[in-house]
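Written below as structure tokens is the structure these notes are about.
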Amino acid sequence: MKTEIKNIADELQLSSMAARDWVFQVIRTAIMRGILPGNMPLRQDEISDALNVSHIPVREAFRQLEAQGLVKIYPNRGAVVAALSEDEISNIMDVLFLMEKGALMAAMDNINDDDVNDAVVAYQSFFSEQEKSNFDRLNLRLHMTLYASSDNAILLSLIDQLHANADRYMQYAYMSKESAELLAQEHKAIVDAFVKRDKETAVLLLEKHFEHEKELMLNSPLVTG
């Protein structure tokens, strides 16, 4: 686990981010990728050592993660990765679909040729990626690219937050070649409708995509029941 967190830290790099925000992104990514599964205790000492930072940005990151529902902090027990039940996953996906449907419809009223090109590039990045651990990031990038022209920063922020909670349950699906190929096909169909400015078809395809993703998530061995 320590090695995998270090790898994520190297991938994200501290660069110009504040230490707290960097630690937050590293732990958040580790949770989303299933490296830190639900109910796993988060030890400040271990994370501070792995990331070569003090306890202060780690504690601050824990509080940020708690605000997003990814971590629970208990008195005299410390921080634990939050686990989602089947009902919680189902509810999140239902809400997420409604939000993404609204974002897609709003975006498609405003898209131009640059938006279309951005969506095609985002899909190509997802389709051509060979490293499965990157699928979650590229999947989210594709979705957010489709909604960028909605011009609703609050909606996009909420979508991002719900993806952080739910996407960790997709990791096992990405490991399956059959599932990964089918998800790529679904993405392509949505992007094709987006390129054609066919809002009705795009929304219908997005709904089918969500139904499939929900089914895959509920079958994940990470689900607590």
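Just so you know, all these numbers are worked out from the coordinates, no wet-lab data involved. In this text the structure is predicted, and so the values were computed from the model without any measurement. Neighbour counts run over all protein chains shown; Cβ positions are idealised from the backbone, glycine included.
Measuring max minus min along each principal axis, the C-alpha atoms of segment 86-218 give extents of 36, 30, 23 Å (largest first). To the nearest ten degrees, helix 135-147 and the longest principal axis of the Cα atoms of the chain are 50 degrees apart. For the chain, modelled as a GNM with alpha-carbon contacts under 10 angstrom, which of Glu88, Glu11, Glu60 fluctuates the most? Sorting by GNM fluctuation, first place goes to Glu11. Taking the C-alpha atoms only, the angle from helix 86-108 to the longest principal axis of the chain is near 50 degrees.
Loop-located trypsin sites (Lys or Arg not before Pro) in segment 34-104 (DSSP state other than H, G, I, E, B) with a sparse environment of at most 13 neighbouring Cβ atoms within 10 Å: Arg43, Arg77. Taking the centroid of alpha carbons for each part, segment 7-68 and segment 156-225 are 26 Å apart. Residues in segment 172-181 carry Karplus couplings, in order, of 5, 5, 5, 6, 8, 4, 4, 5, 4, 5 Hz; the curve used is 6.51 cos²θ - 1.76 cosθ + 1.60 with θ = phi - 60°, and Gly or Pro positions show x. Could you tell me how many degrees, from 0 to 90 and to the nearest 10, lie between the Cα long axis of helix 19-32 and the main elongation axis, the longest principal axis, of the Cα atoms of the chain? Orientation of helix 19-32: about 70 degrees from the principal axis.
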